[in-house]
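Peer 1: Please find one structure pasted underneath; my questions will follow.
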Amino acid sequence: MKIPYLKLLKRHLPPVLRHIWEPLRNPIFQQHYTQVHKAHAVLDRFQHNNITLDNYSPSSPDLNHLEQVLLELQCGLSLHYPFHIDTKGGHKAV
């Protein structure tokens with residue numbers, strides 16, 4: 001069952017914000033700029049909660065923190081599970 005992104009934000013964003021707002025003061029939220037992430041209702045949700053969105057270039061992996069984390073994750077998988085590349089779809093499927 002797929003849960004709409006906006007519904008996930010409404011349910012899970014407030015508790016996360018309560019937990020991180022004080023120590024971080026003004027947290028910056030990062031998301032991939034897929035169609036669902038750019039929807040007006042989604043962007044309004046962030047604005048309503050005074051959340052700054054990270055404005056990175058999705059085509060620039062050196063500026064995209066999610067891509068850097070994914071690379072680290074794939075390296076860790078390769079270290080502990082060297083045969084994951086044999087998975088259907090290769091390492092990108094993992």
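Peer 1: Evaluate the distance, in nm, between pseudo-label points positioned 7 Å from the Cα of Asp44 and of His19 along their respective Cα→Cβ axes.
Peer 2: Simple spin-label model gives 2.8 nm for this pair.
Peer 1: Translational diffusion coefficient, Stokes-Einstein: compute it for region 1-55 using the Kirkwood radius over C-alpha pairs as Rh, at 25 °C and 0.890 mPa s, and state it as an integer in µm² s⁻¹.
Peer 2: Using the Kirkwood radius from Cα pairs, D works out to 207 µm²/s.
Throughout, read-outs are computed from the coordinates displayed, never taken from laboratory work. Since the structure is predicted, the reported quantities are computational estimates derived from the model, not experimental observations. Here the Cβ is made from the backbone with ideal geometry for all residues, glycine too, and neighbour counts use every protein chain on show.
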